[in-house]
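Colleague: Structure incoming, see below.
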Amino acid sequence: MPADMSADKPEVPLVAIDQRTLDEVALSRAEYLQILELLGRAPNDVELGLFGAMWSEHCGYKNSRPLLKRFPTSSPRILVKAGEENAGAVDIGDGLAVVMKIESHNHPSAIEPYQGAATGVGGIVRDIFTMGARPVALLDSLRFGPLSEPRNRYLFSGIVGGVGGYGNCLGIPTVGGEIYFDASYSGNPLVNAMCVGLMESGKLIPAKASGAGNPVLLVGAATGRDGIHGATFASVEMDEASEERRPAVQVGDPFTEKLLMEACLELRDTGWIVGMQDLGAAGLTSSTVESAHKGHAGIDLDVSKAPRRESGMTPYEMMLSESQERMLVIARRGHEDDVRALFARWGLRSDVVGVVVDEPVIRVREGDRIAAELETRLLTDEVPAYVRDGEEPPELAKLWQFDMSSLANSLPAPADALLKLLGSHDLCSREDVYRTYDTMVGANTVLGPGSDAAVLRVRDAADHETDKYIALTTDGNGRLTWLDPFNGGALAVAEAARNIVCSGATPLALTNCLNFGNPEKPTVYYQMSRAIDGMAAAARILETPVISGNVSLYNESFGTAIYPTPVIGMVGLLEGREPVPCAFQAAGDAVGVLGPWSVTPDTLGGSSYLAEVHDTRAGRPPQLDLEIERTVQQVTLAASAAGLIRSAHDCSDGGLGVALAECCMWSGLGLHIALQMPEDVTGSALAATALLFGEAPSRIVVSASPENWDALSALAEARGMMLTRLGSVGGDRLSFPPLLDVPIEEMFTTWRQGLRPFAETPEAEQAHVRTDRIE
């Protein structure tokens with residue numbers, strides 16, 4: 001029975017609540033009226049805070065939950081249903097499993113970039129080890145505004161520093177990721193962090209509280225006032241008042257997290273616990289409510305027993321604080337002292353703060369006083385679900401009609417265009433970023449940052465090497481999704497799978513982070529709905545079910561939305577053979593393109609060429625044929641399994657020209673292309689530009705020894721897939737007569753220098769920008 005709050009404050013009339021109070025917890029007045037109807041009374045302040053957190057978009061997925069049901073989520077390899085645990089888990093055979101998830105920390109990073117990014121890494125790592133898996137790899141996907149603006153440089157420096165600073169301290173290698181730049185992200189950068197762990201498949205720890213009488217322990221760091229309203233902050237747009245929400249940004253301590261990780265992994269094997277849940281968004285609120293609800297039980301919690309690092313903290317603050325490096329442990333009755341002793345050995349505090357009860361409620365006490373009492377179903381099952389009417393953005397039709405022939409009189413020489421692309425911020429080297437990350441710690445990284453996919457060795461439970469490798473990648477293209485949401489969503493999945501395949505691995509499953517603007521706007525809802533449809537279609541055809549993910553909405557600043565940016569994290573499995581590199585391997589090797597061949601100007605739609613060379617973001621992106629995509633990937637996997645190819649590299653951003661340049665730069669080996677070009681290409685600068693820089697999907701650049709070329713060609717022909725032989729590896733230039741002839745050294749110098757001036761923001765500039773408001 002709900003507690004009687006009349007002793008604390010007079011009964012509040014059913015609708016007597018001011019808008020500022022509702023704004024603080026990110027609830028609409030209609031939602032507040034729904035709460036009144038569910039309760040039959042007015043909630044007190046603590047209860048209102050619990051509703052605000054659990055009904056927020058960040059925790060409750062009220063605008064996205066109906067759409068997420070469209071994703072395929074089943075496979076014989078999947079060990080837990082998507083959304084049921086902190087992360088997804090996939091069986092990779094021999095009693096081993098991969099656990100993975102990607103999440104956003106966009107809003108906090110816009111306000112406090114270092115801590116926002118650092119705690120984003122910390123949060124995703126806890127999601128992995130709370131399930132009993134040892135984190136073995138980190139990846140990221142980052143978006144920024146143009147680096148010509150001082151604040152964007154400040155955000156870039158702080159976010160990159162936060163990602164590396166936290167991950168490096170944990171001893172987890174950051175092995176891959178992606179970075180893109182566009183003005184749409186200026187007020188709202190994107191920070192998506194992915195963590196991957198390995199474990200024995202039979203040792204998964206559930207995030208549930210069950211067994212009446214079992215003690216509930218709060219473990220790790222003490223609770224402070226940092227991060228209060230973090231979940232609701234992540235569910236509203238950025239505006240001129242956003243800087244005032246700096247206290248909603250959490251502060252991380254990676255050294256405490258490292259101790260917490262090792263202690264929890266040791267605890268996994270003791271048999272002393274029934275469940276474990278990390279304290280992430282909404283802190284004690286979400287961890288207690290979600291674990292109790294999953295366990296079909298309740299929790300009676302006394303916040304006065306929880307350690308705190310600030311005096312005078314109220315139950316409201318204790319329940320909504322998002323202080324980092326904390327875990328909720330549900331111990332078996334009689335083993336609480338064993339659990340506490342284990343954490344003490346690791347120098348960590350642990351306190352019994354509650355008990356599991358049969359009643360399906362969350363009861364919050366402060367000593368003898370009940371501060372809040374709610375049925376858990378009200379905070380989980382009763383979260384509103386909004387299905388909205390989407391509207392196609394009116395500008396799309398005009399953008400699709402962009403006439404590529406209008407470029408004919410302003411086309412630069414192909415060599416100049418290639419160098420412009422290689423030096424652009426979107427396509428240049430990321431080494432100045434990832435050299436600040438520890439990419440090799442653990443000594444299991446086989447292919448690291450810069451590859452199409454990172455590849456790691458898999459060790460068994462006894463820490464012995466196996467014949468298995470896992471391949472990992474993150475991919476997404478906001479510009480293409482903005483121009484064609486369905487196609488952009490499908491392309492994100494297809495490119496991720498293609499990158500996994502290029503390494504020689506078979507794609508297994510994906511995790512996603514859906515970054516969109518305000519879903520209450522019909523055009524944004526349309527973008528999200530159509531992008532999800534595209535992702536779902538590609539995931540079904542390519543057999544990569546969704547096992548986990550995150551939705552980040554309201555990514556807008558001053559009413560302007562970011563590009564719709566679905567990001568895919570994917571895992572693949574390689575067994576019994578070495579991974580395939582991206583770069584050319586030996587002089588004399590034959591080089592070809594597997595996949596459709598196109599020289600039509602329409603393939604420049606939405607391309608990096610248009611954006612970087614002509615400062616134009618228009619045209620309809622080339623359409624993805626999922627059957628062709630599947631066949632290209634199947635042929636590549638069969639060729640790598642048969643040992644027919646020496647390298648494979650995805651052809652995507654910047655088209656064939658950039659892909660070939662990268663294969664040359666990464667190996668130091670040139671390429672002479674001896675392809676007989678038809679007159680309609682050599683006689684048309686626009687057709688030549690489309691050939692080199694068009695971004696038709698489903699293409700992979702492969703190299704093979706001359707003696708294996710015929711077998712490779714026969715394999716492709718047997719599957720009905722085009723394989724076009726380009727030329728041979730050798731020399732010190734990328735030569736494609738009569739279109740292109742550029743020295744490798746010139747390409748490499750241009751490519752390598754792209755981000756170097758911005759890799760470290762001068763401290764004086766940081767100090768200047770740190771006090772600026774978002775403008």
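The values are calculated or read from the model by the stated rules, or taken from the named source; none is laboratory data. Everything quoted here is computed from the prediction, not taken from an experiment. Heads up, the Cβs are rebuilt from the backbone with ideal geometry, glycines too, and the neighbour counts pull from every protein chain shown. Just the protein is used for accessible areas: all its heavy atoms, side chains included, with ligands, DNA and RNA removed. Shrake-Rupley method; radii C 1.70, N 1.55, O 1.52, S 1.80 Å.
Colleague: Can you give me the ranges of the strands (runs of 3 or more DSSP E) entirely in region 541-598 with at least 1 residues that are open to solvent by 10 Å² or more (accessible area, probe 1.4 Å) and under 30 Å from G145 (Cα atoms)?
Modeller: 546-552
Colleague: Moving on. Please state which of the following conditions A536 fails to meet, knowing it meets all the rest: (1) modelled with pLDDT of 95 or more; (2) open to solvent by 10 Å² or more (accessible area, probe 1.4 Å); (3) within 22 Å of D389 (Cβ to Cβ).
Modeller: All conditions are met except number (2).
Colleague: Shifting gears a bit: Of the numbered conditions (1) in contact with a strand residue (DSSP E or B) (Cβ under 8 Å, 6 or more places away or on another chain); (2) at pLDDT below 85, D226 fails exactly one; give the number of that condition.
Modeller: With (1) in contact with a strand residue (DSSP E or B) (Cβ under 8 Å, 6 or more places away or on another chain); (2) at pLDDT below 85 applied to D226, the lone miss is (1).
Rundown of residues vs (1) at pLDDT 95 or above; (2) open to solvent by 30 Å² or more (accessible area, probe 1.4 Å), yes/no style:
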position: T376; (1), (2): yes, no
position: P414; (1), (2): yes, yes
position: A417; (1), (2): yes, no
position: V441; (1), (2): no, yes
position: G450; (1), (2): no, yes
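Colleague: Is it the case, given these coordinates, that A292 is closer than 15 Å to L374 by Cβ, touching a residue at least 60 places away in the same chain (Cβ under 8 Å) and either open to solvent by less than 10 Å² (accessible area, probe 1.4 Å) or under 29 Å from the mean Cα position of the chain (by Cα) (or both)?
Modeller: For A292, the condition - closer than 15 Å to L374 by Cβ, touching a residue at least 60 places away in the same chain (Cβ under 8 Å) and either open to solvent by less than 10 Å² (accessible area, probe 1.4 Å) or under 29 Å from the mean Cα position of the chain (by Cα) (or both) - is met.
Colleague: Out of all the residues in region 68-104, which are surrounded by fewer than 22 Cβ atoms within 10 Å (Cβ to Cβ), touching a helix residue (DSSP H, G or I) at 6+ places or on another chain (Cβ under 8 Å) and within 20 Å of G534 (Cβ to Cβ)?
Modeller: Within region 68-104, L68, R70, F71, P72 meet the criteria.
Colleague: I need the full set of residues from region 135-180 which are open to solvent by 10 Å² or more (accessible area, probe 1.4 Å), in contact (Cβ under 8 Å) with a residue 12 or more places away in the chain and part of a loop (DSSP other than H, G, I, E, B), in order please.
Modeller: The answer is P146, E149, G171.
Colleague: Moving to a separate point now. Kindly establish whether S286 is in contact (Cβ under 8 Å) with a residue 60 or more places away in the chain, open to solvent by less than 20 Å² (accessible area, probe 1.4 Å), assigned to a loop (DSSP other than H, G, I, E, B) and among the hydroxyl-bearing types (S, T, Y).
Modeller: It is false that S286 is in contact (Cβ under 8 Å) with a residue 60 or more places away in the chain, open to solvent by less than 20 Å² (accessible area, probe 1.4 Å), assigned to a loop (DSSP other than H, G, I, E, B) and among the hydroxyl-bearing types (S, T, Y).
Colleague: Further question on the same structure: Can you list residue pairs whose Cβ atoms sit under 9 Å apart, with the first residue in region 61-86 being within 18 Å of V383 (Cα to Cα) and the second being of a type in the set (D, E, K, R) and part of a helix (DSSP H, G or I)? Count only pairs 6 or more apart in sequence or on different chains.
Modeller: K62/E31; N63/E57; S64/E57; L67/D533; E84/K294
Colleague: Tell me, which residue of region 686-730 that is part of a loop (DSSP other than H, G, I, E, B) and basic (K, R) is surrounded by the most Cβ atoms within 10 Å (Cβ to Cβ)?
Modeller: R699
Colleague: Take the residues in region 308-329 that are in contact (Cβ under 8 Å) with a residue 40 or more places away in the chain and among the small types (G, A, S); name whichever of them is farthest from M131 (Cα to Cα).
Modeller: S321
Colleague: Moving to a separate point now. Taking region 578-600 as the region of interest, how many residues are farther than 30 Å from A193 by Cβ and at pLDDT 95 or above?
Modeller: Looking only at that region, the number is 12.
Colleague: Still on this structure: What's the number of the only condition in (1) open to solvent by less than 70 Å² (accessible area, probe 1.4 Å); (2) part of a loop (DSSP other than H, G, I, E, B); (3) touching a Gly at 6+ places or on another chain (Cβ under 9 Å) that M327 fails to meet?
Modeller: Of everything listed in (1) open to solvent by less than 70 Å² (accessible area, probe 1.4 Å); (2) part of a loop (DSSP other than H, G, I, E, B); (3) touching a Gly at 6+ places or on another chain (Cβ under 9 Å), M327 misses just condition (2).
Colleague: Name every residue in region 663-687 that is closer than 21 Å to L723 by Cα and modelled with pLDDT of 85 or more, in order of residue number.
Modeller: Matches in region 663-687: C663, C664, G670, L671, H672, I673, A674, L675, A687.
Colleague: Collect the residues in region 599-624 that are surrounded by fewer than 20 Cβ atoms within 10 Å (Cβ to Cβ), under 19 Å from L421 (Cα atoms) and among the hydroxyl-bearing types (S, T, Y), keeping them in residue-number order.
Modeller: T616
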